[in-house]
């Protein structure tokens with residue numbers, strides 16, 4: 001019998017085809033259809049599918065698909081975690097919620113409350129029981145806790161740290177650095193002082209305590225009885241200053257020259273001057289002495305006073321040992337006998353007592369604090385000039401016999417007449433030092449070229465240069481200089497002829513620089529004002545009007561100050577109200593009003 005492998009292969013199998021079958025030990029034939037009847041037909045399913053039964057009732061296996069989050073690969077069913085995309089979103093959390101995590105490859109649940117234990121707060125960071133992370137204010141940004149929640153420090157030292165914000169970044173600074181960096185201008189401006197005001201003071205330690213001003217005055221009064229005036233030694237020529245010299249004993253250890261600028265000393269300033277040098281101490285023209293001399297001899301003392309009164313501001317030197325009975329009496333009857341655009345003529349009567357050697361005349365522009373000295377004369381009349389046109393001046397005269405001076409006369413006021421030309425640029429002078437000897441100061445004299453009288457004198461010049469202002473435009477002047485030493489004045493220099501520039505052009509532009517606003521008392525003193533002028537050499541005039549639209553009816557010629565600046569002093573209006581400052585060219589060009597009114601009470 002051939003083997004099954006030796007049989008020929010059949011083509012298509014039909015259910016009626018027969019196959020051999022052993023039945024009860026006998027070989028029998030059976031059709032393929034009968035053989036397979038009742039058996040499970042072939043099941044074909046797609047990849048990644050399982051076989052199972054989803055339908056009700058009897059039946060064969062059915063294909064079951066693998067859902068999201070599972071994958072069937074190589075007969076192995078695995079989870080991918082992709083099913084989390086379908087989980088609902090939880091907007092809030094509580095410590096009772098859970099997190100899903102893997103522990104040794106096995107899923108597990110973690111309570112959120114246990115997650116807090118995994119974290120610890122670092123420096124300057126706090127984590128609340130609810131998991132809120134906060135900055136504690138030590139730097140690095142973030143919100144600091146409320147200051148009342150911090151521990152209270154019982155004391156502080158310079159090395160303790162204070163939080164500051166610098167450039168938007170929180171930083172720290174030591175307390176010592178912070179306090180040392182404080183300046184007085186960081187404080188708010190205080191009002192008028194009173195006894196209840198307090199200030200910081202350290203008593204017995206570095207601890208700051210509060211003191212009242214009212215408690216300070218009795219302590220100061222108790223110290224005044226033992227107060228010693230400071231002593232200042234002066235070895236070189238100097239201009240006295242209230243800050244450095246008022247209330248002090250000034251010891252001149254060399255034959256120096258002293259001068260005083262009243263505005264730098266202040267009304268009521270006082271100092272003692274002792275000449276302990278071997279020569280005379282020279283006094284410039286700003287200082288009037290009771291001895292009538294312009295020097296303080298060696299070994300003598302002088303009390304210097306600066307006083308402001310109705311007649312102006314004066315510097316008086318009361319020389320010890322000067323006999324008042326030796327001085328002439330007061331000049332009487334000082335009057336103005338005439339005036340022009342550049343001069344004022346004065347006359348007076350001799351004093352009723354004493355011998356007179358000469359009459360020194362002092363003058364100044366009304367409103368100015370500084371008196372100028374004219375060359376003394378031996379007669380009872382003098383013409384003062386050159387002066388500025390259309391300008392008010394004050395004058396006084398005293399008598400001297402060479403060793404003592406009498407009290408000054410009454411003060412008279414005169415206004416020079418108008419002029420077609422105004423004041424222009426000043427004259428700048430410079431010279432060399434003497435070939436022999438040492439000059440303590442210089443005296444400058446000038447006059448109108450062709451005049452026989454040296455009308456202008458400037459004494460006590462401490463340098464080898466000087467600028468003379470207040471001169472007429474387009475005018476030629478003669479100039480000379482003399483050196484002054486301890487033993488007197490040298491011979492004068494050669495005469496120099498120099499002319500001022502002529503006024504030119506019409507004003508094309510004007511801008512105010514300084515105008516007072518008040519309030520000022522009517523009819524008292526003068527009002528100073530100035531303006532920038534284009535071109536700078538064009539002369540201007542100033543005036544006051546009660547209207548910002550109607551120009552003044554009277555004008556005062558301006559004085560050249562410097563660069564393009566012109567100014568003038570105008571008498572304060574006699575009528576109260578609001579007044580307006582005007583300025584224009586001398587030819588009426590470019591009238592300009594200052595809109596800010598001057599309050600006159």
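Using only Cα atoms and rounding to the nearest 10 degrees, what angle (0 to 90) does helix 213-224 make with the longest principal axis of the chain?
That works out to roughly 40 degrees.
As an exercise, take the mean of 1/r over every pair of distinct alpha carbons in segment 231-322, invert it, and state the Kirkwood radius in angstroms.
On the way: mean 1/r = 0.0781 Å⁻¹.
Computed over segment 231-322, the radius equals 12.8 Å.
Hey, with R₀ at 41 Å, roughly what FRET efficiency would residue 589 and residue 522 work out to, going by the Cβ-Cβ distance, to 0.05?
On the way: r = 31 Å, r/R0 = 0.76.
Computed FRET efficiency for residue 589 and residue 522 comes out at 0.85.
Consider a paramagnetic label point 7 Å from the Cα of residue 547 along Cα→Cβ; state which residues of segment 573-592 have an amide N under 20 Å from it.
Under 20 Å, as judged by backbone N against the label point of residue 547, lie 573-585, 588-592 of segment 573-592.
In the set (1) 43, 26, 24; (2) 41, 29, 24; (3) 114, 36, 24, which value of semi-axes √(5λ) of the Cα gyration tensor in Å was calculated from the structure you see?
After the calculation, the listed value that fits is (3).
Residues in segment 78-97, backbone N under 12 Å from the label point at residue 112 (7 Å along the Cα-to-beta-carbon vector): list them, ranges by number please.
Under 12 Å, as judged by backbone N against the label point of residue 112, lie 90-97 of segment 78-97.
Taking 0.36 nm per residue of separation and subtracting the Cα-Cα distance, what length does fully extending residue 357 through residue 383 add?
Details: separation 26, 0.36 × 26 = 9.36 nm, distance 1.86 nm.
Stretched out fully, the residue 357 to residue 383 stretch lengthens by 7.5 nm.
Obtain the nm distance between the two label points defined at residue 231 and residue 5 by a simple spin-label model: each point lies 7 Å from its Cα along the Cα-to-C-beta direction.
Here the modelled spin labels are 14.6 nm apart.
When only Cα pairs under 8 Å and 6 or more residues apart are kept, what is the percent relative contact order across the chain? Don't skip to the answer; put the middle values down first.
Numbers: 1287 pairs, mean separation 37.9, N = 601.
Across the chain, relative contact order equals 6 percent.
Grab the Cα-Cα distance for residue 305 and residue 154, subtract it from 0.36 nm times how many residues apart they are, and report the gain in nm with one decimal. Let's see the in-between values first.
Working: separation 151, 0.36 × 151 = 54.36 nm, distance 5.68 nm.
Separation in residues times 0.36 nm, less the Cα-Cα distance, equals 48.7 nm.
Label-point separation (nm) for residue 13 and residue 46, each offset 7 Å from Cα along Cα-to-Cβ?
It works out to 2.9 nm between the two label points.
Indicate, rounded to the nearest 5 percent, the antiparallel portion of the DSSP beta bridges found entirely in the chain. Please report the intermediate quantities before stating the final value.
Values: 123 of 140 bridges.
Antiparallel bridges: around 90 percent, rounded to the nearest 5.
Evaluate E = 1/(1 + (r/R0)^6) for residue 82 and residue 133, where r is the Cβ-Cβ distance and R0 equals 41 Å; express this FRET efficiency to the nearest 0.05. List each step's numbers first, then the result.
On the way: r = 32 Å, r/R0 = 0.79.
Computed FRET efficiency for residue 82 and residue 133: 0.80.
Just to be sure I understand the model, the point goes 7 Å from the Cα along the line to the Cβ. What's the resulting residue 345 to residue 509 distance in nm?
Taking the simple label geometry, residue 345 and residue 509 are separated by 4.6 nm.
Report the Cα-based extents of segment 327-415 along its three principal axes, largest first, to the nearest Å.
38, 24, 19
Using all Cα-Cα distances in segment 427-499, what percent lands in each 5 angstrom bin from 0 up to the longest?
With a bin width of 5 Å, the distribution comes to 3, 15, 30, 23, 15, 9, 3, 1.
Suppose the chain between residue 467 and residue 375 were pulled fully straight at 0.36 nm per residue; how much longer would it get relative to their current alpha carbon spacing? Don't jump to the answer; show the numbers that get you there.
Working: separation 92, 0.36 × 92 = 33.12 nm, distance 1.90 nm.
31.2 nm is the gain from fully extending residue 467 to residue 375.
Sorted by mean Cβ packing within 10 Å, highest first, what order do the peptides 579-585, 310-316, 100-106 take?
Values: 579-585: 23.7, 310-316: 16.6, 100-106: 8.0.
Ranking, from highest mean packing down: 579-585, 310-316, 100-106.
Mind giving me the FRET efficiency for residue 478 and residue 190? R0 is 60 Å, r the Cβ-Cβ distance, nearest 0.05 is fine. Can you show the working numbers first?
Values: r = 57 Å, r/R0 = 0.95.
FRET efficiency, residue 478 to residue 190: 0.55.
Could you give the alpha-carbon Rg of segment 509-600 over 2.2 N^0.38 Å, rounded to two decimals? It would help to have the intermediate numbers written out before the result.
Numbers: Rg = 12.2 Å, N = 92, 2.2 N^0.38 = 12.3 Å.
Ratio of Cα Rg to 2.2 N^0.38 Å: 0.99.
Quick note: the coordinates plus some simple rules give every number you see, no bench work behind them. Because the structure is a prediction, the values reported are computed rather than measured. Glycine also receives a Cβ, built like all others from the backbone with ideal geometry; neighbour counts cover every protein chain displayed.
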